[in-house]
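Reviewing the structure listed below.
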Amino acid sequence: MTDSIIRRFLKHTATRWGHSKYETLERCPKLFDLRYNHKVHGRTTPRAASLGTVIHRGLAAVYWRRMRPQREAEVTPDLWRRVIAAGYEDEFIKLEATRLVSAHEQFWADKDEGFDKVVAVEKLVETEIDGVPYSTRMDLVAKRRKLPIIYDHKSSSRMSDNTGTEFAMSGQLMGMVAVWPYKGKPVARINLLVKTNTPQFSRIGLAFTENQIARWKKDLKALWSDLTRYNAKGYFPRRYSACMGRYGPCEMFSLCHAGPGMAGEYFVPKGTNLTEALR
């Protein structure tokens, strides 16, 4: 096993025009402007986000090894452990990710995984939809006989209701189905890891109709039209309903509320005029 194999899983996986970017624009244009145009961000990454990143990294290594019989023969089964350990996150996050991925592998070793073949891992798709740039990264692409399946890994503090209601209107998953790069019509599934003392696992199937996908494309085009208008006017308005969310204030709350004097709480690129950016 070479270090080059491990390094491939440490690369930044953010996409240029992915769901998260459009979701941010929809939630609050000013947040979009500060985060993506001015490159302002908090000095620390939330622990839940860091843990999700490390879990994804470990699962990517698991399924990458499983893609080819030759890899399984040549690469030791502990690859995923080494990939988790190789990151810069603190040891508590790495230990928790190791606990969850290990339990995930034990759980599905005793059950039907829901697919026969791994087709792709961290599959990047960059395209345009009706002239709108869009990119996505599919955590896992698999097949059950001839049925193509898109799996998206999610970690949660609680078990879903297993009916898919929580994810039934997921723009992220609709986008993956909309830009599907292979033959056949795919289905989408959530691979859920629940971070309880005794970890729980579930795979939740999602069904999107052609009408839903068409509507998603139309809504994406409307978001792009909004962005074009904001850029033309040079002004990104705030959505005040987004200032305080279910889990606390928006990440830019201090800046928007108190102004440039709170810059010390953030990473602000050299030369940024915060007074202008916050107008």
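For helix 47-66, what angle does its Cα long axis make with the longest principal axis of the chain, in degrees from 0 to 90 and rounded to 10?
For helix 47-66, the angle is close to 40 degrees.
So what are the ³J(HN,Hα) numbers for region 247-258, from phi and the Karplus equation (6.51, -1.76, 1.60; θ = phi - 60°), rounded to whole Hz, Gly and Pro as x?
Karplus values, whole Hz, x for Gly and Pro: 9, x, x, 4, 4, 9, 3, 4, 5, 5, 7, 10.
Could you work out the helix-only [θ] at 222 nm for the chain, with each DSSP H run of four or more residues adding -39,500 (n - 2.57) and the total divided by the number of residues, to the nearest 500 deg cm²/dmol?
Details: 11 runs with 112 residues, N = 279.
So the helix-based figure for the chain works out to -12000 deg cm²/dmol.
Angle between the Cα long axis of helix 210-233 and the longest principal axis of the chain, 0 to 90 degrees, nearest 10?
The answer is roughly 30 degrees.
Just how far, in whole angstrom, is region 250-275 from region 21-72 if you go by their alpha carbon centroids?
Taking the Cα centre of region 250-275 as reference, the centre of region 21-72 is 23 Å away.
Quick check on packing: order 177-183, 240-246, 39-45, 78-84 by the mean number of other C-beta atoms within 10 Å, highest mean leading. Don't skip to the answer; put the middle values down first.
On the way: 177-183: 16.0, 240-246: 11.4, 39-45: 13.1, 78-84: 20.0.
The densest-packed peptide leads the list: 78-84, 177-183, 39-45, 240-246.
Calculate how steeply helix 91-109 sits against the longest principal axis of the alpha-carbon atoms of the chain, using the helix alpha-carbon long axis, and give the answer as 0 to 90 degrees to the nearest 10.
Helix 91-109 sits roughly 40 degrees off the main axis of the chain.
Quick one: work out Rg over Rh on the C-alpha atoms of the chain, Rh as Kirkwood radius.
Numbers: Rg = 20.2 Å, Rh = 20.7 Å.
Reported Rg/Rh, Kirkwood definition of Rh: 0.98.
Based on the mean of other beta carbon atoms within 10 Å per residue, what is the order of 134-140, 107-113, most packed first?
Details: 134-140: 21.3, 107-113: 10.9.
Final packing ranking: 134-140, 107-113.
Order these peptides, 25-32, 207-214, by their mean beta-carbon neighbour count within 10 angstrom, highest first. Please report the intermediate quantities before stating the final value.
Details: 25-32: 20.0, 207-214: 11.9.
Ranking, from highest mean packing down: 25-32, 207-214.
What residues qualify as long-range amide H neighbours of Ser155, i.e. H under 5 Å apart, gap of 5 or more or another chain, H built at 1.01 Å from N?
Leu193
Once amide H atoms are built 1.01 Å from N in the peptide plane, which residues 5 or more positions from His41, or in another chain, come under 5 Å H to H?
The list, which skips near neighbours in sequence, is Phe267.
Using only the Cα atoms of region 161-268, build the gyration tensor, take square roots of its eigenvalues as a ≥ b ≥ c, and label the shape rounded, prolate or oblate: rounded if a/c is under 1.5, else prolate if a/b is larger than b/c, else oblate.
In terms of gyration-tensor shape, oblate.
Placing unit charges on C-beta atoms (Lys and Arg positive, Asp and Glu negative, everything else neutral), compute the dipole magnitude of the chain about its Cα centre in debye, rounded to 20.
On the way: 46 positive and 30 negative charges, 98 e Å.
The calculation lands at about 460 debye.
Would you please give the residues with an amide H less than 5 Å from that of Val132, counting only those at least 5 places away or on a separate chain, with H modeled from the backbone geometry?
Under 5 Å from the amide H of Val132: no residue qualifies.
Would you mind classifying region 87-221 by shape? Square roots of the alpha carbon gyration tensor eigenvalues, ordered a ≥ b ≥ c; an a/c under 1.5 is rounded, otherwise it is prolate if a/b is larger than b/c and oblate if not.
Values: a/c = 1.80, a/b = 1.62, b/c = 1.11.
Since a/c reaches 1.5 and a/b is larger than b/c, the shape of region 87-221 is classed as prolate.
Please state the relative contact order of the chain as a whole percent: Cα pairs under 8 Å, 6+ residues apart?
Working: 366 pairs, mean separation 59.7, N = 279.
Relative contact order of the chain: 21 percent.
Throughout, read-outs are computed from the coordinates displayed, never taken from laboratory work. This one's a predicted model, so the numbers in the text were calculated from it and none came from an experiment. Every residue, glycine among them, receives a Cβ derived from its backbone with ideal geometry; neighbour counts consider all protein chains shown.
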